[in-house]
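The values are calculated or read from the model by the stated rules, or taken from the named source; none is laboratory data. The structure presented is a predicted model; accordingly, all values stated were derived computationally and were not measured. Note that we place each Cβ from the backbone using ideal geometry, even for glycine, and neighbour counts take in every protein chain shown. Ligands, DNA and RNA are excluded from the accessible area calculation, which covers all protein heavy atoms including side chains. Shrake-Rupley method; radii C 1.70, N 1.55, O 1.52, S 1.80 Å.
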Amino acid sequence: MLKKWHLKAAVQKAISFLPGSSRINYFFQRYVTKGVLLDDTYFGYKIQHAADHLSNYRQYCKNQPMATAQEQDIQIVELGLGWYPVVPTVFWLTGLGKTTSYDIYDWMRAETMITSFKKLLEWQDDGRLKPLFANSPFIPERLKALREVAGSENAPTRESLNELIGLTPRIQDVRRSGLDADSIDFVCSNNTFEHVHAPVLEGILEEFQRVIRPGAISSHFIDMSDHFAHFDHSINVYNFLRYSEASWKRIDNNIQPQNRLRLPHYLDMYNKQGIPVLAVHPRTGNLTELDSVPLAEPFRSMPIAEVAKTHAYVVSSK
C-alpha cells in the first residue's frame, strides 16, 4: 500500500532531475505538502536553535571579544541558508555579529524573510522569547528597525532585508568558501549535516577547521530522524533504517537527501580529522519505536542505544 511519504519521495526524486529543481521543490513543499509553512511548532524549533547556539558560543568560545554597546560584531558562518533566516536574525538582534550563510540551493525569498520577522515579533510581544534570551537581550534600536520593515506597506527586496540583518547569502559549495584562514569566530548549522553525504561532509568539516580562529567554536544541530516521518505520521522516525544502502539510494533524492548517519559516524569524522569535540548533547530516542523497525545493515550491527539517538548538538573547537 502506497503511503504519503512514498508519493513525496517519488515527486522529489522526479523534481531533482528537472531544471530549476530547487524552485519547483519550494512550490511543491509550500502548496502541496505544507512542509515550509512557518507555524508556531516550526518556528519554535528554529528559535530554540538560535538560543542554544548563543548559549554554546557564550559557554565554550575562548576568544570572545569584549562587548561594547551590547554588540560583539563577530564573524559567523552558517551552513544551510534555508527558507527562514531566524538564526541569523537573532544573532543580529542580540548584537552577536554578522552571518555569512552557505547553501547549494537558493531557498530564501523576501516573502519568507518577512514571515520570519513577523513571527519573531509576535513571540517577542507576547513574552515567549523572554526566557530564551534573558541573558542575551535584543538591542532596542534593531528590534525597532525590524518592526518597521515587517510592518511596511512597501515590498522590500531580499537584498535590502539581508543588508538590514547583516546576512550575506552565498549559494555555493562551502568547501570552497573563499574565506581566509583563521578569520571566523563562530560556525553553526541546524538540521543540515543529515542532508550531506559523508565524503562531502568530511570536506566541509575540514574547511570549517581551516577558517575558524584558534579558540573559536563550531556548534551543529543534527537531526538523525527519518524526515519523511515529519510529514507522514504512519511511519516512525527510524523507518528509513530498514532499507539497504542500495534500496535507499533508489529512494533518496538530490534536493533533500538523507544520509542516515548515526551519531558515532559523525563523531568518527571529527576524530579522524583531529577536531577537538568539546560537548555532545544527544537525545536518546525511543527504543520501543526502534524495535518495531527491522534494521538493515550497517545499523543492525551497531549498538542499539547509538542507533536510537535521533538528534544531537556537537560542539567543537580549534
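Considering only the stretch 278-303, state which residues are under 29 Å from residue 218 (Cβ atoms), without any contact (Cβ under 8 Å) to a residue 40 or more places away in the chain and of a type outside the set (S, T, N, Q).
If the condition is that a residue be under 29 Å from residue 218 (Cβ atoms), without any contact (Cβ under 8 Å) to a residue 40 or more places away in the chain and of a type outside the set (S, T, N, Q), then 280, 281, 282, 283, 298, 303 are the ones that fit.
Looking at the stretch 1-84, what helices (runs of 4 or more DSSP H) fall wholly within it and have at least 2 residues that are modelled with pLDDT of 75 or more?
Output list reads 4-15, 40-60.
Scan the stretch 71-90 and give yes if some residue there is in contact with a Lys or Arg (Cβ under 7 Å, 6 or more places away or on another chain), within 23 Å of residue 231 (Cα to Cα) and open to solvent by less than 10 Å² (accessible area, probe 1.4 Å), otherwise no.
Scanning the stretch 71-90, I find at least one residue that is in contact with a Lys or Arg (Cβ under 7 Å, 6 or more places away or on another chain), within 23 Å of residue 231 (Cα to Cα) and open to solvent by less than 10 Å² (accessible area, probe 1.4 Å), so the answer is yes.
Considering the stretch 101-124 alone, what residues qualify as being farther than 15 Å from residue 43 by Cα, open to solvent by 30 Å² or more (accessible area, probe 1.4 Å) and not basic (Lys, Arg)? Walk me through it before giving the result.
Residues of the stretch 101-124 farther than 15 Å from residue 43 by Cα: 101-111.
Filter once more, keeping what is open to solvent by 30 Å² or more (accessible area, probe 1.4 Å): 104-106, 109, 111.
Across the stretch 101-124, the qualifying residues are 104, 105, 106, 111.
Of the conditions (1) open to solvent by 20 Å² or more (accessible area, probe 1.4 Å); (2) of a type outside the set (Phe, Trp, Tyr); (3) within 30 Å of residue 290 (Cβ to Cβ), residue 173 clears all except one; give me its number.
Only one criterion in (1) open to solvent by 20 Å² or more (accessible area, probe 1.4 Å); (2) of a type outside the set (Phe, Trp, Tyr); (3) within 30 Å of residue 290 (Cβ to Cβ) is unmet by residue 173, namely (3).
Could you check how many residues of the stretch 199-258 are buried (at least 17 other Cβ atoms within 10 Å of the Cβ), more than 24 Å from residue 280 (Cα to Cα) and either touching a strand residue (DSSP E or B) at 6+ places or on another chain (Cβ under 7 Å) or among the β-branched types (Val, Ile, Thr) (or both)?
Of the residues in that region, 2 qualify.
Please name all residue pairs, on different chains or six or more residues apart, with Cβ atoms under 9 Å, provided the first residue is in the stretch 116-143 and is part of a helix (DSSP H, G or I) and of a type in the set (A, V, I, L, M, F, W, C) and the second residue is open to solvent by 80 Å² or more (accessible area, probe 1.4 Å) and modelled with pLDDT of 95 or more.
117/147; 121/147
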